[in-house]
1. Confirm whether Arg27 is within 20 Å of Asp126 (Cα to Cα), touching a residue at least 12 places away in the same chain (Cβ under 8 Å), not β-branched (Val, Ile, Thr) and not in a strand (DSSP E or B).
2. Please enumerate the residues belonging to the range 126-154 that are open to solvent by 20 Å² or more (accessible area, probe 1.4 Å) and touching a Leu at 6+ places or on another chain (Cβ under 9 Å).
3. Tell me which residues, restricted to the range 43-67, are closer than 26 Å to Ala129 by Cβ and either among the hydrophobic types (A, V, I, L, M, F, W, C) or touching a Lys or Arg at 6+ places or on another chain (Cβ under 6 Å) (or both).
4. Of all the residues that make up the range 1-54, how many are closer than 22 Å to Arg76 by Cα and either touching a Leu at 6+ places or on another chain (Cβ under 8 Å) or aromatic (Phe, Trp, Tyr) (or both)?
5. Mind telling me which of the residues Gln20, Gln47 ends up being closer than 17 Å to His2 by Cα and polar (S, T, N, Q)?
6. Give the range 1-21 a look and list any residue that's within 19 Å of the chain's Cα centre (by Cα), part of a helix (DSSP H, G or I) and more than 15 Å from Cys58 (Cβ to Cβ), or say none.
7. Filter the range 166-181 down to the residues that are of a type in the set (A, V, I, L, M, F, W, C) and more than 23 Å from Met71 (Cβ to Cβ) and list them by number.
8. I'm checking my understanding of the structure. Among residues of the range 40-86 that are aliphatic (A, V, I, L, M) and in a loop (DSSP other than H, G, I, E, B), which one is farthest from Thr10 (Cα to Cα)?
Amino acid sequence: MHTITFDLSTLHEHGPAYFQYLALRKRFFVDALKWDIPHDDRYEMDQYDNPTAWYSLCVRDCEVIGGTRVMPTTSRWGKHTYMLRDAREGTLDTIPREAMAADIVSPFVWEMTRLVISPDLKTQSDRSACLQAIGNGLYDIAAGNGVAEYMGISAVALIRVLRQLGFPLERAGEPYHDPADKRNYTVMRMPVVLPGQQLMAAE
């Protein structure tokens, strides 16, 4: 397994990886979890897949087996900002308005969304290695863009898994239940401490 990171300006450097990631998202979020989100018969893609987004993907044998999307909380693309802020402002009805307690707008705080690993990874060691590779990519993106903290919606059970892998995730809101997929979610925050650096203060 190895990690690749890119934004839309450099996705062409990684062959079909971006579209493999969109296909994996469709397979998991639409086909398995039955989320009512934009998709066609091959890909899941929404308004946040825009030039403000970056991607950290895990690749094995030339196939994307996991990944996530991140963007600054200062992002704006047309009428959209980032997912949690749009939910808070009432322009996104798939997440409760109260999920995020207060607006966060800072170039040092980025939102993470659409974290997924392939259902084909059957062993805990493979799933853990994939999540670790995605996390390594997040640290690479942070180092290149001055990110001090990631935040976003996460399944409550996934937070426990990521903590066990050494990622310093903390809950930042009350859990809520999604009746569509029967899962519990909450806002998480993860400070970024790069080797040899002090944690940057988010503004």
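1. Numbers: within 20 Å of Asp126 (Cα to Cα): yes; touching a residue at least 12 places away in the same chain (Cβ under 8 Å): yes; not β-branched (Val, Ile, Thr): yes; not in a strand (DSSP E or B): yes.
Yes.
2. If we filter the range 126-154 for residues that are open to solvent by 20 Å² or more (accessible area, probe 1.4 Å), which is where we start, we get 126-129, 132, 136, 139-140, 143-146, 149, 153.
Once the filter is applied, which keeps residues that are open to solvent by 20 Å² or more (accessible area, probe 1.4 Å) and touching a Leu at 6+ places or on another chain (Cβ under 9 Å), the range 126-154 yields Arg127, Ser128, Ala129, Gln132, Tyr139, Ala143, Glu149, Ile153.
3. Scanning the range 43-67 gives Tyr43, Glu44, Ala53, Trp54, Tyr55, Leu57, Cys58, Val59, Cys62, Val64, Ile65.
4. Total meeting the criteria: 11.
5. Details: Gln47 fails: closer than 17 Å to His2 by Cα.
Only one candidate passes the filter, namely Gln20.
6. Once the filter is applied, which keeps residues that are within 19 Å of the chain's Cα centre (by Cα), part of a helix (DSSP H, G or I) and more than 15 Å from Cys58 (Cβ to Cβ), the range 1-21 yields Leu11, Phe19.
7. Taking the range 166-181 as the starting set, the residues that turn out to be of a type in the set (A, V, I, L, M, F, W, C) are 167, 169, 172, 180.
Hit for the range 166-181 is Ala180, nothing else.
8. Taking the range 40-86 first, the residues aliphatic (A, V, I, L, M) are 45, 53, 57, 59, 64-65, 70-71, 83-84.
After this cut, where a residue has to be in a loop (DSSP other than H, G, I, E, B) as well, the list is 45, 53.
Numbers: Met45: 18, Ala53: 12 Å.
The qualifying residue farthest from Thr10 (Cα to Cα) is Met45.
The values are calculated or read from the model by the stated rules, or taken from the named source; none is laboratory data. Here the structure is a predicted model, which means the values were calculated and not measured. Neighbour counts run over all protein chains shown; Cβ positions are idealised from the backbone, glycine included. Accessible surface is based on the protein model in full, side chains and every heavy atom, while ligands, DNA and RNA are left aside. Shrake-Rupley method; radii C 1.70, N 1.55, O 1.52, S 1.80 Å.
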